[in-house]
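Chemist: Take this structure first; my questions come after.
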Amino acid sequence: MGNLKIALVGNPNTGKSTLFNLLTGLNQKVGNFPGITVDKKVGFFKMPAGSTYQQAEVIDLPGAYSLYPKSKDESIVFEVLADPKNASHPDLIVLVADATNLRRNLLLYTQVADLGIPTILVLNMTDMAQKEGIAIDTDKLAERLGIQVMAISARSKTGIDQLKQAIANYNPIATQTKTIDVNAMEPEAIAQAKKIVNTENDYYALQVLNQYEHLSFLNADQKQSIQQILTAQQIDRNTLQATETVNRYKHLSQVLNQVIVDTGAQRKFIITDKIDAILTHKIWGLGIFLLVLLFIFNAIFSWSSLPMDLIETSFASLTEWGHQYLPAGVLTDLLLDGVVAGLGGVVIFIPQIAILFGLISILEDTGYMARVTFMLDKIMRRFGLSGKSVVPMIGGIACAVPSIMSARNIENWKDRMITIMVTPLVSCSARLPVYTLIISLVVPDQNVWGIFNLQGLTMMAMYLISILAAVLVAWVMKFIIKTKEKSYFVMELPVYRSPRWKNVLLTMYEKSKTFVLEAGKVIIAISIVLWVLASYGPGNRFEQVDQKYETLSANVQDEEALADLERHHSSELLENSYAGILGKSIEPYIKPLGYDWKIGIALITSFAAREAFVGTMSTIYSVEASDDDISTIREKLAGATHPQTGLPIFTFATGLSLMLFYAFAMQCMSTVAVVYRETKSWKWPLMQLGYMTALAYVAALIAYQTLK
Amino acid sequence: MKLSDLKPGQQGTIVSFTDVEMSVKLMEMGCLPGEVVEIERYAPLGDPIAIRVSGYQLCLRKSEAAVILIQ
């Protein structure tokens, strides 16, 4: 037979994902559930010999404390388990429970068990439980629950083969013993709901009564009928759920009686308490966090410089090689200057993204990130954010695309929307080349008070301004975005543990992959469009320019003079291209900001991705192409003057105005695409594009007009 | 007495909740009537607070702790 479908279910922080990685190795794929933003992680492993199935298909469902969802995304757990028509509906549930905290973990088990799907209970971290003096009688537990109970430790990789064998031996008929008397809680409503959703299962019906609004497998008629039942029976769903939870815990007390012997309940906290006393200390706590931030910030830039240089040179030589050996023509140009250049623009960011998310994953894995959230919640809340907004906002320093995706951890809808809306304001690494060029152009390379470099200070100021803007915009949005959902912050503080390096590596790989796939396709598509806009012009303008330079170069022998002529040729072509014409046509609108049409062209070509700014400026000022060295382009720009007035274009006022524009303007279509994907609506990305452009324009206008 | 009235290091036993919606979430996380809770520490800015309950550490905002009645 084909695949045995298995769903991994469990509380957060139970090592469920570690087990998933252990079972399936790298044989995984990440997809999407329709309609929600949770990643669908599916992996495969070969079944042990003797099984009727060849392969197991494992789906790692999001961690949840109960089948009642805390957010819209969490409802996927119930949807997958309850709806037999769901593509991921499992034949077997593997419920992962933390052995060091069994009672709370088994609450979810009792709910899942009542859905009547064959289930295996996996007690993870049994080695830790033993160390802490918790003894669990797994045989007695298995007997009382009526299912197989497997003790494993995913961290030390023990019990995995036995678990695979148990999966192979699973009983296709659900054997679990009954938990609580569900029907007795609301017999009439349950009977009616069972008819509407066509089920025999009481608990399924009860769950449907409770969370019908969010269930995608119900149609509008069914939802209406359920609502009528609730009104007719005068059911308060919160009270019903409270009663159920209390009953389940009572049941669990009986089940666990004489199963768990806990002789050292306090022991596991001793180390964690000591670490917490320092890391969340009134004064040291925030200080240490700032140091950690500084370290991350430094690592993103210093560790990535070597791989980024390598990527840049490889793509440059690839293009050069291509132009040399591929037949010259439009297709080659499109491939090399459109596609390869676009691809290079994507790949270049991988080192920074991998480093940042590697570090974040270490902080999350050790338990420190939960403490950061805990420490900063009060400040963040004041500005309409939540403690959990910290991760996406730190991530924004490298790239908004994966950071916005990491905002999924925020359960509260409003907090999450505000976080998504302001994350792109945090200065990402694509803005860095723009800042570097302009700062070197308009800020003198001097020291103030002996130690601080003026250029460095300006750069730091740009980052501070961006964070300040993000926080202020969040504060404004707090009053604009309306929600009925209450923001709450009940969160587990896991004990400190050493990071699992394999998980860290996997996170780095996955984040980079999603970035390449999500941002990559947008950047490449738009690079091609921009290439066309910059390589073609209306009518016979290009031919005229070509002819002019042909005549000019006919009499020139000197190679340097020829190369110079060639650069002016490209510059004039760009000026006459569609992009050039667009740049000129927006000049009246950007003139108040201190920009001319040349900057206008760069604004247009960097509309999809900011980093295109520097490249366009080099072409348009016909600068000799050189990889890293910005000194040549700097000289050119410094010498640029207004054709009418003869005054220099790049004054401090224009420079500051440009930097502020790039700090606030969206200028990143990958972010627009990812915001659309994460919010499932065009309303949010368009609102974001609108407010950021307006903010950028106004800030640049004020800066230029006051300083000019 | 509310849980939010306790100081770090003090203990109490959960009696009931003043908000049904919140109570469900708290109970799922192990805050059950009859359980002993201890305030572990306050965050550096005085809110949220970290508590120990049913064998693990949980953090919650003061306003949320105010929903829990203890004795």
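Chemist: Any idea which of (1) under 24 Å from A:I348 (Cα atoms); (2) modelled with pLDDT under 80 is the one A:R567 doesn't satisfy?
Modeler: (1)
Chemist: A further question on this structure: Take A:L343 and decide whether it is touching a residue at least 40 places away in the same chain (Cβ under 8 Å) and closer than 30 Å to A:M393 by Cβ.
Modeler: yes
Chemist: Strands (runs of 3 or more DSSP E) wholly in region A:1-113 with at least 3 residues that are under 27 Å from the mean Cα position of the chain (by Cα) and charged (D, E, K, R) - which ones? Working first, answer last.
Modeler: Working: elements: A:3-10, A:28-32, A:39-46, A:55-60, A:92-98.
Of the strands (runs of 3 or more DSSP E) lying wholly inside region A:1-113, those with at least 3 residues that are under 27 Å from the mean Cα position of the chain (by Cα) and charged (D, E, K, R) span A:39-46.
Chemist: Among (1) modelled with pLDDT of 90 or more; (2) more than 17 Å from A:A370 (Cβ to Cβ), which single condition is A:V261 missing?
Modeler: Every condition holds for A:V261 apart from (1).
Chemist: Same structure again: If B:G9 meets every condition in (1) in contact (Cβ under 8 Å) with a residue 24 or more places away in the chain; (2) more than 24 Å from A:M375 (Cβ to Cβ); (3) more than 9 Å from every other protein chain (Cβ to nearest Cβ); (4) not in a strand (DSSP E or B) apart from one, which number is that one?
Modeler: That leaves (2) as the condition not met.
Chemist: If we scan region A:266-281, do we find a residue that is outside any helix (DSSP H, G or I), within 12 Å of chain B (Cβ to nearest Cβ), surrounded by fewer than 12 Cβ atoms within 10 Å (Cβ to Cβ) and within 36 Å of the chain's Cα centre (by Cα)?
Modeler: Within region A:266-281, none of the residues are outside any helix (DSSP H, G or I), within 12 Å of chain B (Cβ to nearest Cβ), surrounded by fewer than 12 Cβ atoms within 10 Å (Cβ to Cβ) and within 36 Å of the chain's Cα centre (by Cα).
Chemist: Could you list all residues from region A:583-609 that are without any contact (Cβ under 8 Å) to a residue 60 or more places away in the chain, surrounded by fewer than 18 Cβ atoms within 10 Å (Cβ to Cβ) and either assigned to a helix (DSSP H, G or I) or of a type in the set (S, T, N, Q) (or both)?
Modeler: Of everything in region A:583-609, those that are without any contact (Cβ under 8 Å) to a residue 60 or more places away in the chain, surrounded by fewer than 18 Cβ atoms within 10 Å (Cβ to Cβ) and either assigned to a helix (DSSP H, G or I) or of a type in the set (S, T, N, Q) (or both) turn out to be A:K584, A:S585, A:E587, A:P588, A:Y589, A:K591.
Chemist: Restricting attention to region A:114-135, report how many residues are assigned to a helix (DSSP H, G or I) and under 17 Å from A:I180 (Cβ atoms).
Modeler: Of the residues in that region, 0 qualify.
Chemist: Take residues that are closer than 23 Å to A:K5 by Cα and tell me which of the helices (runs of 4 or more DSSP H) falling wholly in region A:154-236 contain 1 or more.
Modeler: Result: A:160-168, A:202-211.
Chemist: Also, quick follow-up: Output the residues belonging to region A:69-101 that are under 21 Å from A:I117 (Cβ atoms) and among the aliphatic types (A, V, I, L, M).
Modeler: Residues satisfying the conditions are A:I76, A:V77, A:V80, A:L81, A:A82, A:A87, A:L92, A:I93, A:V94, A:L95, A:V96, A:A97.
Condition check ((1) under 28 Å from A:I604 (Cα atoms); (2) within 14 Å of chain B (Cβ to nearest Cβ); (3) buried (at least 16 other Cβ atoms within 10 Å of the Cβ); (4) of a type in the set (A, V, I, L, M, F, W, C)) across all residues:
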position	(1), (2), (3), (4)
A:I439	yes, no, yes, yes
A:G450	no, no, no, no
A:M477	no, no, yes, yes
A:K484	no, yes, no, no
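Chemist: Mind telling me which of the residues A:L336, A:L363 ends up being of a type outside the set (F, W, Y) and closer than 30 Å to B:A50 by Cα?
Modeler: A:L363
Chemist: Considering every residue within region A:256-265, establish whether at least one is without any contact (Cβ under 8 Å) to a residue 40 or more places away in the chain and within 30 Å of B:G55 (Cα to Cα).
Modeler: Our first condition is that a residue be without any contact (Cβ under 8 Å) to a residue 40 or more places away in the chain; within region A:256-265, this holds for A:257.
Then drop every residue that is not within 30 Å of B:G55 (Cα to Cα), which leaves A:257.
Within region A:256-265 (the criterion being without any contact (Cβ under 8 Å) to a residue 40 or more places away in the chain and within 30 Å of B:G55 (Cα to Cα)), the answer is yes, since at least one residue qualifies.
Chemist: Then there is this: Within region A:282-291, which residues are more than 9 Å from chain B (Cβ to nearest Cβ) and buried (at least 16 other Cβ atoms within 10 Å of the Cβ)?
Modeler: A:I288, A:F289
Chemist: Can you name every residue in region A:134-184 that is in contact with a Gly (Cβ under 6 Å, 6 or more places away or on another chain), farther than 23 Å from A:L22 by Cβ and among the small types (G, A, S)?
Modeler: Within region A:134-184, just A:A174 meets the criteria.
Chemist: Got at least one residue in region A:190-202 being over 32 Å from the mean Cα position of the chain (by Cα) and under 30 Å from A:P494 (Cβ atoms)? Steps first, please.
Modeler: Taking region A:190-202 as the starting set, the residues that turn out to be over 32 Å from the mean Cα position of the chain (by Cα) are A:190-202.
Imposing the further condition that a residue be under 30 Å from A:P494 (Cβ atoms) reduces the set to none.
No - not one qualifying residue is present in region A:190-202.
Chemist: Moving on. Please go through region A:556-582 and give me each residue that is free of Cβ contacts under 8 Å to residues at least 24 places away in the same chain and either closer than 16 Å to A:S606 by Cα or β-branched (V, I, T) (or both), ordered by number.
Modeler: A:V556
Chemist: Scan B:S16, B:S4 and give me the residue that is part of a strand (DSSP E or B), under 25 Å from A:E485 (Cβ atoms) and more than 10 Å from every other protein chain (Cβ to nearest Cβ).
Modeler: Working: B:S4 fails: part of a strand (DSSP E or B).
Of the residues listed, the single one that is part of a strand (DSSP E or B), under 25 Å from A:E485 (Cβ atoms) and more than 10 Å from every other protein chain (Cβ to nearest Cβ) is B:S16.
Chemist: Just a yes or no: is a residue in region A:104-126 under 30 Å from A:S498 (Cβ atoms) and surrounded by fewer than 20 Cβ atoms within 10 Å (Cβ to Cβ)? Step through it out loud before you land on a result.
Modeler: Our first condition is that a residue be under 30 Å from A:S498 (Cβ atoms); within region A:104-126, this holds for A:104-109, A:120-126.
Pick out the ones that are also surrounded by fewer than 20 Cβ atoms within 10 Å (Cβ to Cβ) and you get none.
Within region A:104-126, not a single residue is under 30 Å from A:S498 (Cβ atoms) and surrounded by fewer than 20 Cβ atoms within 10 Å (Cβ to Cβ).
Conditions tested, residue by residue: (1) touching a residue at least 12 places away in the same chain (Cβ under 8 Å); (2) more than 26 Å from A:A370 (Cα to Cα); (3) touching a helix residue (DSSP H, G or I) at 6+ places or on another chain (Cβ under 7 Å).
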position	(1), (2), (3)
A:G395	yes, no, yes
A:P433	yes, yes, yes
A:I438	yes, yes, yes
A:L441	yes, yes, yes
A:W449	no, yes, no
A:L454	no, yes, no
A:M462	yes, yes, yes
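Chemist: Out of (1) within 40 Å of the chain's Cα centre (by Cα); (2) more than 10 Å from chain B (Cβ to nearest Cβ); (3) surrounded by fewer than 19 Cβ atoms within 10 Å (Cβ to Cβ), what's the single condition that is false for A:N238?
Modeler: (2)
Chemist: Could we say that A:I229 is surrounded by 12 or more Cβ atoms within 10 Å (Cβ to Cβ) and under 29 Å from A:E132 (Cα atoms) here?
Modeler: no
The values are calculated or read from the model by the stated rules, or taken from the named source; none is laboratory data. Keep in mind the model is a prediction, meaning the values are calculated, not measured. Positions of Cβ are generated from backbone atoms using ideal geometry, with glycine treated the same way; all protein chains shown enter the neighbour counts.
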